[in-house]
Structures are given as structure tokens and as C-alpha cells.
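Structure, as C-alpha cells:
Values quoted throughout were computed directly from the atomic coordinates according to the rules given, and no laboratory measurement underlies them. Since we're looking at a predicted model, the values are computed, not measured. Cβ sites come from the backbone with ideal geometry, for glycine too, and all protein chains shown count toward neighbours.
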Amino acid sequence: MAFKNDWFEDRQMVQDLPQECIDDMKGPGAKDDAVAYWVEELDFDGPAWLIREHLKGYGAWDKAQLCNHQDNLQRLLWIHASDLAENPGDDLPLYLAY
């Protein structure tokens with residue numbers, strides 16, 4: 001199943017985030033503007049149901065909140081980019097588990 005930019009093959013993310021995106025997620029505080037920018041700039045997309053199920057595993061959002069795919073894309077990008085920013089040597093691809 002392909003998406004806009006083929007960000008995912010099945011459950012695995014197959015493209016790397018640009019270093020500038022990762023750098024924008026460094027440090028404390030809200031990153032809402034940077035995340036929104038990068039989702040749009042990268043045309044970041046993926047399988048809605050898998051992303052929703054993956055995010056559900058964090059227990060941070062309720063069912064109603066997880067119905068918004070655009071918000072979920074921002075959540076997923078933020079989580080992944082933040083993880084990469086905090087662990088620069090960890091270059092494992094994102095895998096959507098549920």
C-alpha cells in the first residue's frame with residue numbers, strides 16, 4: 001500500500017527524516033510550530049489506522065483525539081524526531097507496532 005511520498009512500507013518507515021527536522025525537535029518545550037511545518041514540508045503521511053493504533057499504545061490520547069489523522073501525523077513525527085534528537089546514534093527505522 002503506497003502513500004503520498006511512500007513514507008511507509010507496511011509498518012516500517014522507509015525514508016529518513018532530514019537532520020534539520022530532527023534538530024528542530026531538540027530541547028525542552030513545545031515544538032508545535034516546528035512539527036506542523038515539517039509535516040507539511042515533508043508531505044509526511046502514512047497508514048491512518050496503523051498510526052492510530054501505534055499512538056494508542058502510548059496511552060496519551062483518548063479515542064476521540066486519535067480520530068484526527070493530521071494530528072496523529074504530527075504526534076508521530078514529533079515522537080520519532082524527538083527520539084532521534086535524544087539518541088543521535090540510534091538510526092533504527094520507525095516501526096508502527098500495536
Worksheet item: Per-residue ellipticity at 222 nm for the chain, helices alone: DSSP H runs ≥ 4 residues times -39500 (n - 2.57), over residue total, nearest 500 deg cm²/dmol?
Response: -13500 deg cm²/dmol
Fill in: Footprinting exposure proxy for 54, 80, 69 (fewest neighbouring C-beta atoms within 10 Å first)
69, 80, 54
Worksheet item: From the backbone phi of segment 76-91, what are the Karplus-calculated ³J(HN,Hα) couplings (6.51 cos²θ - 1.76 cosθ + 1.60, θ = phi - 60°) in whole Hz, Gly and Pro given as x?
Response: 5, 4, 4, 4, 5, 5, 5, 4, 5, 5, 7, 10, x, x, 8, 10
Discussion item. Straight-line reach from residue 63: which aspartates and glutamates fall under 19 Å, measuring Cα to Cα and dropping same-chain residues less than 8 apart?
Written reply: 53, 71
Discussion item. Just to confirm a number: summing +1 for Lys and Arg and -1 for Asp and Glu over residues other than residue 90 whose beta-carbon lies under 13 angstrom from that of residue 90, what do you get?
Written reply: -4
Worksheet item: residue 7's amide H: which non-local residues (gap 5+, or another chain) put their own amide H closer than 5 Å, with H modeled 1.01 Å from N in plane and none for Pro or chain starts?
Response: 45
Fill in: Separation of the residue 65 and residue 14 label points, Cα + 7 Å toward Cβ, nm
3.2
Practice prompt. Compute the Rg/Rh shape ratio of segment 52-92: radius of gyration over Kirkwood radius, all on alpha-carbon atoms.
Written response: 1.05
Worksheet item: Give me the Kirkwood hydrodynamic radius of the chain in Å, from all C-alpha pairs, to one decimal place?
Response: 13.6
Discussion item. If I build a Gaussian network model for the chain, linking alpha-carbon pairs within less than 10 angstrom, which residue out of 66, 42, 17 has the largest mean-square fluctuation?
Written reply: 42
